[in-house]
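Data block below; observations after.
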Amino acid sequence: MTLPKTPSFRLDGKRALVAGGSRGIGLGCAVALAEAGAQVVVAARGRDALEAAVAEMVAAGLRAEARVLDVTDPQAVASALAETGPLDVLVNSAGLARHSPALDTDPADFDAVMAANVRGAYFLATEAARGMQAAGKPGSIVQISSQMGHIGGPDRAVYCATKHAVEGMTKAMAIEWGPLGIRVNTICPTFILTELTRPTFDDPTKRAWIEGKIKLGRVGEVEDIMGAVVFLASDASALVTGSAILVDGGWTAG
């Protein structure tokens, strides 16, 4: 009898791009992929935070380079991905949230969130897949979605709409690109404590609401996402596509 062999979680020799990778969840994803052996292009709009993050990664012995990129500009996305060469892995953590009651939604805020979370995610994925197809190589595309792509939440009608859209496009892209060997999946975090979400957690009422929904009794941390992104990027998930990994502490369980 021959024992089965566990597929590798390593990413040695792989080239990855992480959009929105200068801070928070995106930075966690970039570090996780680099620690698994990938050469990582870290992309974000803000140059200072981006270069500081990459410098720290390089100082830690990780293979990383910086790329200033606004995912809401499809032409800039196409140029950036053409210049970086075909990818093995794309992780999109770029996004925007402007919360308000649905009756108070400002059209400008609606358009801005849609542009980043839907339009940006869509064309970033298509350009990555186009490069993979042209190179004749398989690949993994991971969208950082949200638990709010599966449920609703107060003051989050626009944000929920965008994340439900990401879940839908991911399934459709997985169907289209499966014959090319390109896998497309999402990671759906609950509330993760970062610089950007700290004001929410500093509000006792909001924090109590969040902690009351998370069955494991604690809020999420960036490290909670890192294992999931390595899994989806690696051969360990070779038969996983069109799926969502809910890293939500049981929020959506009921």
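For every residue, the table says whether it meets (1) among the small types (Gly, Ala, Ser); (2) under 16 Å from residue 34 (Cβ atoms); (3) surrounded by 21 or more Cβ atoms within 10 Å (Cβ to Cβ).
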{"position": "47", "(1), (2), (3)": "no, no, no"}
{"position": "57", "(1), (2), (3)": "no, yes, yes"}
{"position": "64", "(1), (2), (3)": "yes, yes, yes"}
{"position": "80", "(1), (2), (3)": "yes, no, yes"}
{"position": "87", "(1), (2), (3)": "no, yes, yes"}
{"position": "94", "(1), (2), (3)": "yes, no, yes"}
{"position": "100", "(1), (2), (3)": "yes, no, no"}
{"position": "104", "(1), (2), (3)": "no, no, no"}
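Given segment 121-203, what helices (runs of 4 or more DSSP H) lie entirely inside it while holding 3 or more residues that are in contact (Cβ under 8 Å) with a residue 60 or more places away in the chain and under 28 Å from residue 15 (Cα atoms)?
Values: elements: 121-135, 157-177, 198-201.
Fully inside segment 121-203 and qualifying: 157-177.
Out of segment 30-81, which residues are basic (Lys, Arg), out of contact with any Leu (no Cβ under 8 Å at 6 or more places or on another chain) and either in a loop (DSSP other than H, G, I, E, B) or closer than 11 Å to residue 18 by Cβ (or both)?
Within segment 30-81, the subset basic (Lys, Arg) is 45, 47, 63, 67.
Keeping just the survivors that are out of contact with any Leu (no Cβ under 8 Å at 6 or more places or on another chain) gives 47, 63.
63 - this is the single residue of segment 30-81 that is basic (Lys, Arg), out of contact with any Leu (no Cβ under 8 Å at 6 or more places or on another chain) and either in a loop (DSSP other than H, G, I, E, B) or closer than 11 Å to residue 18 by Cβ (or both).
Looking at (1) in a helix (DSSP H, G or I); (2) in contact with a strand residue (DSSP E or B) (Cβ under 9 Å, 6 or more places away or on another chain); (3) among the charged types (D, E, K, R), find the lone condition where residue 206 falls short.
(2)
Can you tell me which residues in segment 93-118 are in a loop (DSSP other than H, G, I, E, B), of a type in the set (S, T, N, Q) and either closer than 19 Å to residue 22 by Cβ or without any contact (Cβ under 8 Å) to a residue 24 or more places away in the chain (or both)? Steps first, please.
Our first condition is that a residue be in a loop (DSSP other than H, G, I, E, B); within segment 93-118, this holds for 93-99, 101, 105-106.
Imposing the further condition that a residue be of a type in the set (S, T, N, Q) reduces the set to 93, 105.
Once the filter is applied, which keeps residues that are in a loop (DSSP other than H, G, I, E, B), of a type in the set (S, T, N, Q) and either closer than 19 Å to residue 22 by Cβ or without any contact (Cβ under 8 Å) to a residue 24 or more places away in the chain (or both), segment 93-118 yields only 93.
Looking only at residues that are part of a helix (DSSP H, G or I) and crowded, with 24+ Cβ neighbours inside 10 Å in segment 13-29, which one is farthest from the chain's Cα centre (by Cα)? Give the steps one after another, and end with the answer.
In the first step, residues of segment 13-29 are kept if they are part of a helix (DSSP H, G or I); the result is 24-29.
Restricting the remaining residues to those that are crowded, with 24+ Cβ neighbours inside 10 Å gives 25-27, 29.
Details: 25: 8, 26: 7, 27: 10, 29: 8 Å.
Among them, the one singled out is 27.
If we scan segment 240-248, do we find a residue that is under 29 Å from residue 9 (Cα atoms), over 14 Å from the mean Cα position of the chain (by Cα) and hydrophobic (A, V, I, L, M, F, W, C)?
yes
Readers should treat all values here as calculations from the given coordinates under stated rules, not as data from a laboratory. Everything quoted here is computed from the prediction, not taken from an experiment. All Cβ positions, even for glycine, are placed from backbone atoms using ideal geometry, and neighbour counts span all protein chains on display.
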